[in-house]
Structures are given as C-alpha cells and as structure tokens.
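Structure first, then comments.
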Amino acid sequence: LEHPRCRFYGNVEVGSDVSVEELILAYDAVVLAYGAESDRPLGIPGEDLKGVHSARELVNWYNGHPDHVEGPFPKLIQSAKECVIIGHGNVAIDCARVLVSKEQALASSDICEHALSALRSSGIRHVSLVGRRGPAQMAFTIKELR
C-alpha cells in the first residue's frame with residue numbers, strides 16, 4: 001500500500017457510505033474483491049453495471065484460466081485511468097499489485113503472456129482500495145504487501 005499509485009480507504013460500507021454508481025462516476029473500473037471462490041452477489045445496487053467485475057474474473061484472466069482468457073480486461077485495462085477495488089484481503093492486494101506493477105516486475109513473475117501483453121499498454125494510473133473495515137482488520141499477509 002506504499003506504492004504511489006495506490007490509495008487505501010478504510011471503514012467504508014459500499015451501498016451505504018458510497019454507492020457503486022458513485023464509484024463508476026469516479027473510476028473507470030470497479031473490482032469487487034470479497035474473498036469468495038465463486039462470484040457471490042453482494043446485494044448492493046449497481047454491482048451489475050458495465051465496468052464492474054469480480055476479482056475472481058480478473059485473477060482468472062491474468063492467471064490464464066481457459067474460461068477467462070478472452071473477456072473485457074484487455075480493453076478495460078487500456079482505456080481505464082482510475083480503478084477502485086472493493087475489498088482489502090490478499091486477493092484485493094494482489095489485484096492492485098498486478099494493476100500498478102511495472103512490466104519488468106510482472107515479466108519475471110508467472111503471469112500469463114496474454115495478460116502481460118495487455119498490461120504493457122495499461123492506461124491505469126491509480127488504484128484505490130476500499131474496505132468496510134479499518135487497517136487493523138485488513139485480511140492480508142505482510143508478504144502480499146511486499
């Protein structure tokens with residue numbers, strides 16, 4: 001979270017403190033990262049809007065899951081300037097890391113070539129992490145922060 005292109009906002013309840021519609025107006029992409037192995041609707045207005053995707057979809061895309069190699073992410077990553085990730089667990093931190101990392105760092109990782117190719121021309125300049133709890137309750141390991 002010390003990356004200059006990443007911001008953290010805690011104690012925020014999406015659907016109460018801020019709506020998904022407000023986030024779509026402020027950000028080019030919204031990623032819902034809430035720690036589930038399958039997509040689970042949060043039941044908040046706007047979670048089905050264009051530009052809102054689950055972290056599972058994003059992770060499956062950059063990890064090369066056969067069902068997610070094609071999809072919205074290459075175009076979205078190239079056109080988006082601002083992205084907000086709802087969640088502050090390991091998956092949310094990993095999504096933020098991938099979206100703000102330089103090509104050299106990603107090239108030496110196990111990221112799939114199709115994702116690396118799209119991320120080379122990424123337009124994303126800032127990623128914000130929004131969590132419903134404060135920093136003391138964040139559910140990620142120190143390893144993920146590094």
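The values are calculated or read from the model by the stated rules, or taken from the named source; none is laboratory data. In this text the structure is predicted, and so the values were computed from the model without any measurement. Virtual Cβ from ideal backbone geometry, glycine too; neighbours counted across all protein chains shown.
For the reader, a short list of remarks on this structure follows.
- Inspection of the stretch 39-46 finds no residue satisfying the criterion of being in contact with a helix residue (DSSP H, G or I) (Cβ under 8 Å, 6 or more places away or on another chain) and closer than 23 Å to Arg125 by Cα.
- Top-ranked residue of the stretch 1-23 - restricted to ones that are under 21 Å from Ser79 (Cα atoms) and touching a strand residue (DSSP E or B) at 6+ places or on another chain (Cβ under 6 Å), ranked as modelled with the lowest pLDDT: Cys6
- Cβ-Cβ under 8 Å pairs, at least 6 apart or on other chains, the stretch 120-146 side closer than 16 Å to Cys6 by Cα and part of a helix (DSSP H, G or I), far side β-branched (Val, Ile, Thr) and at pLDDT 70 or above: Glu144/Ile93; Leu145/Ile93
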